[in-house]
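This report concerns only the one structure given below.
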Amino acid sequence: MTNTPGDASGGLPGMPPVVDQATWQQARDELLVREKAHTREGDAIAAARRRLPMVECDGTVEVVGPDGPVRFLDLFQGRRELIVYQHMWYDGAPHQGQCEGCTTTAWHVQDASYLNARGVSYAVLTSGPWEEVAAYVDFMGYTQPWYSVRGLPAPVGDQMGHLSCFLRDGDRVFLTYSTTGRGNEAVNGSLALLDMTPYGRGEAWEDIPAGRPVLGQVREGYPAQGNQACWYWRTDADGNATWGPTSRPAPQWTRPGATPADSLGRSDDPH
């Protein structure tokens, strides 16, 4: 099949070429071969992941939640497996100043019913002081359990920004897997859906077809480097993507009482 950029109808630049149904189906079937290979490779990686060794950790260390200190072991809620997201925290920052990347990960797990049905519990851990964390959880309307792990060593505490998996054998607890960076995308269904669209995520690293408009904005207060990754994770009160002091992580605008912001209130705020 020959693509002919510019065959698209309408006024938007860079739209995909318009073809008949049979031509579209041929191209779709060709891509499906690659998609199936990608799925099978993912299955193979998951199989290798299940064969990783594990490291024992102290399940008696205490984390702090709404009912005070509890053992890390109790986060399993009697189940054999536990997945946690380790949420970064900016001490003293207002709600809009908390991590936008961690927000998108935590926001996409609002219900763990299917995990629970498979014998897996889920919780969010963060290094923030519980008094600040509790107010944030209440504002965001999170339904999953949150705990402060302030001052605790790895793997329960220490570095944040990870998804981690734990296994329980009686009162013994083992770390089996951990990821960070784009590995956290496993819970972010919005990114997978955007990857299906003709305009994609609109991020700098994407392979954009020739003539397709570049979406997004440069990060305010930082050197212009072209289209920024995850530029749409923060918006102002009018819905415009911005990383400036008037922004909030996008889902915060749906929360009761959310007002226009004037400061991120954290040390990396260039303003």
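The figures follow:
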{"quantity": "The range 17-38: number of residues that are acidic (Asp, Glu) and outside any helix (DSSP H, G or I)", "calculated": "1"}
{"quantity": "Residue check, residue 229 modelled with pLDDT of 85 or more and of a type outside the set (S, T, N, Q)", "calculated": "no"}
{"quantity": "Selection status of residue 261, modelled with pLDDT of 85 or more, more than 26 Å from residue 181 (Cβ to Cβ) and aliphatic (A, V, I, L, M)", "calculated": "yes"}
{"quantity": "From the options 201, 150, residue that is closer than 26 Å to residue 87 by Cβ, in a loop (DSSP other than H, G, I, E, B), touching a Leu at 6+ places or on another chain (Cβ under 6 Å) and modelled with pLDDT of 85 or more", "calculated": "201"}
{"quantity": "Members of the range 110-130 found to be crowded, with 19+ Cβ neighbours inside 10 Å and not in a helix (DSSP H, G or I), listed by number", "calculated": "121, 122, 123, 124, 125, 126, 127, 128"}
{"quantity": "Filtered residue count, the range 44-76, keeping only those that are part of a helix (DSSP H, G or I), charged (D, E, K, R) and loosely packed, with under 10 Cβ neighbours inside 10 Å", "calculated": "1"}
{"quantity": "Meets criteria (surrounded by fewer than 16 Cβ atoms within 10 Å (Cβ to Cβ), on the phi > 0 side of the Ramachandran plot and over 19 Å from the mean Cα position of the chain (by Cα)) for residue 141", "calculated": "no"}
{"quantity": "Hits in the range 80-109 (condition: of a type in the set (D, E, K, R) and not in a loop (DSSP other than H, G, I, E, B))", "calculated": "81, 100"}
{"quantity": "Residue, modelled with the lowest pLDDT, within the range 232-243, restricted to residues that are of a type in the set (Gly, Ala, Ser) and more than 18 Å from residue 102 (Cα to Cα)", "calculated": "239"}
{"quantity": "Yes/no for residue 182 being closer than 26 Å to residue 250 by Cα and surrounded by fewer than 17 Cβ atoms within 10 Å (Cβ to Cβ)", "calculated": "yes"}
{"quantity": "Failed criterion for residue 133 (all others in (1) touching a residue at least 40 places away in the same chain (Cβ under 8 Å); (2) within 14 Å of residue 65 (Cα to Cα); (3) surrounded by fewer than 19 Cβ atoms within 10 Å (Cβ to Cβ) hold)", "calculated": "(3)"}
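Let's see how each residue does on (1) more than 28 Å from residue 198 (Cα to Cα); (2) modelled with pLDDT of 95 or more:
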residue	(1), (2)
11	no, no
21	no, yes
26	no, yes
47	yes, yes
64	yes, yes
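The values are calculated or read from the model by the stated rules, or taken from the named source; none is laboratory data. Owing to the predicted nature of the structure, the values given are computational and were not obtained by experimental measurement. In this analysis, Cβ positions are derived from the backbone assuming ideal geometry, glycine residues included, and neighbour counts consider all displayed protein chains.
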